[in-house]
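What follows is one structure encoded as structure tokens, with my remarks underneath.
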Amino acid sequence: MNKYLLAAGAFLVLGTNAAFAHITLETQEAAIGSTYKAVLRVPHGCDGKATTAVRVQIPEGVIAVKPMPKPGWTLQTKKGKYEKSYQLYGQAVADGVKEVDWSGGNLPDEFYDEFVFRAVLAADLPPGQMLYFPVVQECGDAAVRWIEIPAAGQDEDALENPAPGIKLKPKK
């Protein structure tokens, strides 16, 4: 009997670790038309290696992105054209940050850290839907691509490397 309890306990512990093993967003829902503070939580390295870079792709409809610098890391942004023009404080905005890259740092596998940016969620994003932020985590010569987005009706927990996402709430 004890060996069954031990096996069940090990399953629960391993299952719990797997659930928290991927990069997530601290706040997992936000209202469209609002400013959103994205806090990407990086809980570990890649197979024991330290994280040396984190790159996040900014989805369409997320505008006016301003990343927070991290001491010891190089911060770069890649800008480009949006698929359409958005209104921001009464002015049309047609381009902006499409990717944020923190690199050159050293986050050992046994520690976690957070990578932060703020942005505006466009007022015409669809409330009730999920919005995903694909992330690539580099650890020297290894990388984990947290880029999987569930298909309609697919359980996000079934994905091996899910992209972090937020549920869009109606405008306040």
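Search segment 34-64 for residues being among the polar types (S, T, N, Q) and surrounded by fewer than 18 Cβ atoms within 10 Å (Cβ to Cβ), and hand back the single one that is farthest from Gln87 (Cα to Cα). Give the derivation first.
Initial filter on segment 34-64 (among the polar types (S, T, N, Q)): 34-35, 51-52, 57.
In the following step, the residues that additionally are surrounded by fewer than 18 Cβ atoms within 10 Å (Cβ to Cβ) were identified as 34-35, 57.
Numbers: Ser34: 12, Thr35: 13, Gln57: 21 Å.
Ranking the candidates gives Gln57 first.
Take the residues in segment 122-142 that are under 15 Å from the mean Cα position of the chain (by Cα) and not β-branched (Val, Ile, Thr), then tell me which one is surrounded by the fewest Cβ atoms within 10 Å (Cβ to Cβ).
Filtering segment 122-142 down to residues under 15 Å from the mean Cα position of the chain (by Cα) leaves 130-138.
Still in the list and also not β-branched (Val, Ile, Thr): 130-134, 137-138.
On the way: Met130: 15, Leu131: 23, Tyr132: 19, Phe133: 23, Pro134: 21, Gln137: 25, Glu138: 19.
Going through the qualifying residues, I end up with Met130.
Does any residue in segment 116-128 that is more than 22 Å from Ile23 (Cα to Cα) come within less than 7 Å, Cβ to Cβ, of a residue that is surrounded by 14 or more Cβ atoms within 10 Å (Cβ to Cβ) and aromatic (Phe, Trp, Tyr) six or more places away or on a different chain, and which pairs are these?
Partner pairs satisfying both residue conditions: Ala122/Tyr86.
Looking only at segment 147-170, count every residue that is assigned to a strand (DSSP E or B) and open to solvent by 80 Å² or more (accessible area, probe 1.4 Å) and tell me the total.
Just the residues of segment 147-170 that are assigned to a strand (DSSP E or B), to begin with: 148, 162, 165-169.
Those left that are additionally open to solvent by 80 Å² or more (accessible area, probe 1.4 Å): 167.
Count: 1.
Restricting segment 102-146 to residues that are among the aromatic types (Phe, Trp, Tyr) and part of a loop (DSSP other than H, G, I, E, B), which is modelled with the highest pLDDT?
Within segment 102-146, the subset among the aromatic types (Phe, Trp, Tyr) is 102, 111-112, 115, 117, 132-133, 146.
Going one step further and asking which of them are part of a loop (DSSP other than H, G, I, E, B), we end up with 111-112, 133.
Values: Phe111: 95, Tyr112: 94, Phe133: 98.
Restricting to residues being among the aromatic types (Phe, Trp, Tyr) and part of a loop (DSSP other than H, G, I, E, B), the top hit is Phe133.
Out of the strands (runs of 3 or more DSSP E) lying entirely within segment 36-99, which hold 3 or more residues that are among the hydroxyl-bearing types (Ser, Thr, Tyr)? So that I can check it myself, show each step before the final result.
On the way: elements: 51-57, 62-67, 74-88.
Output list reads 74-88.
Do we find that Lys66 is closer than 15 Å to Phe117 by Cα and either aliphatic (A, V, I, L, M) or in contact (Cβ under 8 Å) with a residue 40 or more places away in the chain (or both) in this structure?
Values: closer than 15 Å to Phe117 by Cα: yes; either aliphatic (A, V, I, L, M) or in contact (Cβ under 8 Å) with a residue 40 or more places away in the chain (or both): yes.
When the stated conditions are applied, Lys66 passes them.
Picking from Val120, Val144, Val93, which residue would you name as being among the β-branched types (Val, Ile, Thr) and under 30 Å from Ala50 (Cβ atoms)? Break it down stepwise before answering.
Values: Val120 fails: under 30 Å from Ala50 (Cβ atoms); Val93 fails: under 30 Å from Ala50 (Cβ atoms).
Among Val120, Val144, Val93, only Val144 is among the β-branched types (Val, Ile, Thr) and under 30 Å from Ala50 (Cβ atoms).
The values are calculated or read from the model by the stated rules, or taken from the named source; none is laboratory data. Here the structure is a predicted model, which is why all the values come from computation and not from measurement. Here Cβ is always computed from backbone atoms with ideal geometry, including for glycine, and neighbour counts include all displayed protein chains. Each accessible area value is taken on the protein alone, full model and side chains, heavy atoms only, with ligands, DNA and RNA left out. Shrake-Rupley method; radii C 1.70, N 1.55, O 1.52, S 1.80 Å.
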